[in-house]
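Colleague: The structure follows.
Laboratory data are not the source of any read-out in this text; all were calculated from the coordinates shown. Computed from a predicted model, the values in this text were never measured in an experiment. Every residue, glycine as well, gets a Cβ built from its backbone with ideal geometry; the counts of neighbours run over all protein chains shown.
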Amino acid sequence: MTPTLTSLKKPFGTAKMVNLTSVRYLAWEDAFEVDFEDGVSFMEPHATIRKANKISPKAKVERVELEDWCHAGFYVHYDNGQTAEVSWAFIRELPPKK
């Protein structure tokens with residue numbers, strides 16, 4: 001039985017830190033595939049990352065870089081000079097309730 005997305009993501013502030021092992025941008029999905037050390041993978045929509053980092057809608061992904069010191073997140077570099085910073089918690093936790 002495959003766990004559902006809601007059973008894998010935890011409420012904001014309660015998830016345990018898990019290192020990222022890889023991240024890649026899938027242009028045909030317009031999403032990021034994020035893999036974690038514990039074997040869990042998530043597809044994060046590009047629109048969510050753009051909105052959270054206030055990235056211009058016209059900016060195109062130039063490259064994706066895994067944060068190499070402690071593998072706690074990744075950076076998305078765009079052709080217009082903007083950079084989105086994405087932490088492990090952004091991917092693993094459910095957004096806080098308003």
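Colleague: Can you give the charge dipole size of the chain about its Cα centre, rounded to the nearest 20 debye, using +1 on the beta carbon of Lys and Arg and -1 on the beta carbon of Asp and Glu?
Modeller: With Lys and Arg at +1 and Asp and Glu at -1, about 600 debye.
Colleague: Please list the non-local residues whose amide H lies under 5 Å from the amide H of H71, H modeled 1.01 Å from N, same-chain partners needing a gap of 5 or more.
Modeller: Here nothing satisfies the definition.
Colleague: What are the ³J(HN,Hα) couplings of the stretch 22-32, residue after residue, when phi is run through the Karplus curve with 6.51, -1.76, 1.60 and θ = phi - 60°? Round to Hz, x for glycine and proline.
Modeller: My calculation for the stretch 22-32 gives 6, 8, 8, 8, 9, 4, 5, 9, 6, 8, 10 Hz in order.
Colleague: At a Förster radius of 25 Å, what calculated FRET efficiency corresponds to the Cβ-Cβ distance of T21 and S56, to the nearest 0.05?
Modeller: With a Förster radius of 25 Å, E is 0.25.
Colleague: May I ask you to evaluate 6.51 cos²θ - 1.76 cosθ + 1.60, the Karplus curve with θ = phi - 60°, for each residue of the stretch 42-52 and list the ³J(HN,Hα) values in order in whole Hz, giving x for glycine and proline?
Modeller: These are the phi-based 3J(HN,Hα) values: 10, 9, 9, x, 4, 4, 5, 5, 4, 4, 5 Hz.
Colleague: Semi-axes of the equivalent ellipsoid for the chain, please: Cα gyration tensor eigenvalues, times 5, square-rooted, ordered largest first, whole Å.
Modeller: 22, 15, 13
Colleague: Something else: Relative contact order of the chain, please, whole-number percent, based on alpha carbon pairs below 8 angstrom and at least 6 residues apart.
Modeller: So the answer I get is 29 percent.
Colleague: Taking amide hydrogens as modeled 1.01 Å from N in the peptide plane, which residues meet the under 5 Å criterion relative to N19, leaving out close sequence neighbours?
Modeller: E37
Colleague: Using amide H atoms built 1.01 Å from N in the peptide plane, name the residues 5+ places from A31, or on other chains, whose amide H lies under 5 Å from its own.
Modeller: L26, H46
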